[in-house]
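Read through the structure below, which is laid out as structure tokens, and then see the notes.
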Amino acid sequence: MNQQTLSQKERVGKKKIVHSNWSTKICECCDEDCGMFLFGCICANTSVPQMFERLVSKGYCLVFTLVLWTSFSLSLTIPLYVYTASNIYGVLFGILSLVSFLCMSVFLVYKVRNRIRVNKNIKGNKLDDFCTSLVCCCCAHMQHMREDGLTVDTYSLTSSNAV
């Protein structure tokens, strides 16, 4: 039986489906190193800009860290204004801070993900990178740290891959 006479169903059954070329899956956050999980999730406002500094562009770590921590802290004031002061401007300012925090986080994770994917010839495209960064921002950040070979013992801000 040659390849031309195989039905569509038989050809699909013989094809091996490859979902990704990442060394780990997106949700393997705590499988090996819980210290990196805690650092990557609890201190994401610091570790995300550090990954950006390591892999994408030097010189922006402090600025992005300050923006993330400030916008995150200001977004925590929303309940204060809602329940105690009923100040509509405070609520709007808090919501604006939350939106800027989320947008900046997704942008930084997207840029790091895109750089890793391009440098390591990983299957995917920019839309995949954006959707993963938007839906699973913290998990994607942890995957980037694992892909870069970072552990609690080997973590440093410098990398030879940065531009």
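Computed quantities for the displayed model
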item: Odd one out for Glu32 among (1) modelled with pLDDT of 70 or more; (2) over 17 Å from the mean Cα position of the chain (by Cα); (3) within 24 Å of Ile116 (Cβ to Cβ); result: (1)
item: Residue under evaluation Ile122, criteria (1) touching a helix residue (DSSP H, G or I) at 6+ places or on another chain (Cβ under 9 Å); (2) free of Cβ contacts under 8 Å to residues at least 40 places away in the same chain, criterion not met; result: (2)
item: The stretch 61-89 - residue that is surrounded by fewer than 17 Cβ atoms within 10 Å (Cβ to Cβ) and among the small types (Gly, Ala, Ser) and, of those, nearest to His141 (Cα to Cα); result: Ser73
item: Residue list for the stretch 52-62, filter: of a type in the set (A, V, I, L, M, F, W, C) and closer than 21 Å to Ser73 by Cβ; result: Phe52, Cys61, Leu62
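Residue-by-condition table, conditions (1) under 22 Å from Pro49 (Cα atoms); (2) modelled with pLDDT under 80; (3) in contact with a helix residue (DSSP H, G or I) (Cβ under 8 Å, 6 or more places away or on another chain):
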| site | (1), (2), (3) |
| --- | --- |
| Phe64 | yes, no, yes |
| Ser75 | yes, no, yes |
| Tyr81 | no, yes, yes |
| Leu96 | yes, no, no |
| Ser105 | yes, no, yes |
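A quick yes/no check of all residues on (1) modelled with pLDDT of 85 or more; (2) polar (S, T, N, Q); (3) in contact with a helix residue (DSSP H, G or I) (Cβ under 6 Å, 6 or more places away or on another chain):
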position: Leu127; (1), (2), (3): yes, no, no
position: Cys131; (1), (2), (3): yes, no, no
position: Leu134; (1), (2), (3): yes, no, yes
position: Cys137; (1), (2), (3): no, no, yes
position: His144; (1), (2), (3): no, no, yes
position: Tyr155; (1), (2), (3): no, no, no
position: Asn161; (1), (2), (3): no, yes, yes
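The values are calculated or read from the model by the stated rules, or taken from the named source; none is laboratory data. Predicted model, so just to flag it, every value in this text is computed and none were measured. FYI the Cβ positions are ideal-geometry reconstructions off the backbone, even for glycines, and counts take in every protein chain you see.
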